[in-house]
Amino acid sequence: MSLIKLLLGIIMLTMGRRLFWLFIGAGGFILGFDIAEHMFPHLPHGATLIIAVIAGLISAVAAVTFQKVAIYVGGFWAGGYLLIQVLTEFGIHIRHHWLPFIAGGIMGAILMNLAFSLALIVLSSLFGAILIVQALHLSAGRTSIPFFLLCALGIAMQYGLIKLKPLSPKG
């Protein structure tokens, strides 16, 4: 799962704004995996992965089919998930996960409503950064600097401040 999180994190960090359907699909995949893992802890890893892929595909198709609704649902989900993951990564113990999920979800949905393009850049950069930090399995207390650097890099790249040039063979 670490490799999948790393790849999804890199894609979200660099192309989340351009690939809205993938942002929503990746969110559905991660949410599906987490829910399957928590609800069915004895399920084989392959089965959990299949559930996650199905959830991701359904999310991606829904994002394309119901774009207006998907904007709010995606913002809600991303905001809630991100708040819980950031709190957890920084060592803040959460007793009731649903409270910060709802708070973060409301913030994410409001952001998506107010400034869709900018919110998509910020949320996909945050989402990508948290996935990369999780995939790297950094020890407690060593996640904040990479997380914030990755967020800044993702925002700068997606906003167009940093442009990657393709490698070209020298003649």
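The values are calculated or read from the model by the stated rules, or taken from the named source; none is laboratory data. Here the structure is a predicted model, which means the values were calculated and not measured. Every residue, glycine as well, gets a Cβ built from its backbone with ideal geometry; the counts of neighbours run over all protein chains shown.
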Next item on the list: Any residue in region 6-25 that's free of Cβ contacts under 8 Å to residues at least 40 places away in the same chain and over 18 Å from CYS151 (Cβ atoms): show its pairings with residues that are of a type in the set (S, T, N, Q) and buried (at least 18 other Cβ atoms within 10 Å of the Cβ) at Cβ separation under 6 Å, as long as the two are six or more apart or on different chains.
Entry: GLY25/SER59
Next item on the list: Could you grab the pairs with beta carbons closer than 7 Å, sequence gap of 6+ or different chains, first residue in region 104-120 and more than 14 Å from TRP77 (Cβ to Cβ), second one modelled with pLDDT under 85 and of a type in the set (A, V, I, L, M)?
Entry: PHE116/ILE71
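Have a look at PHE127, PHE101 and point out the one that is surrounded by 22 or more Cβ atoms within 10 Å (Cβ to Cβ), within 16 Å of the chain's Cα centre (by Cα) and among the aromatic types (Phe, Trp, Tyr).
On the way: PHE101 fails: surrounded by 22 or more Cβ atoms within 10 Å (Cβ to Cβ).
Just one listed residue meets the conditions, PHE127.
With the requirement that a residue be under 14 Å from the mean Cα position of the chain (by Cα) and over 16 Å from LEU22 (Cβ atoms), what does region 133-162 give you?
VAL133, GLN134, ALA135, PHE147, LEU150, CYS151, ILE155, listed by residue number.
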Item checked: Count of region 135-162 residues which are at pLDDT 85 or above, among the aliphatic types (A, V, I, L, M) and surrounded by 14 or more Cβ atoms within 10 Å (Cβ to Cβ) -> 8
Notebook entry, point to check: Taking into account only those residues within region 106-117 that are out of contact with any Leu (no Cβ under 8 Å at 6 or more places or on another chain) and in a helix (DSSP H, G or I), which is surrounded by the fewest Cβ atoms within 10 Å (Cβ to Cβ)?
Noted result: LEU114
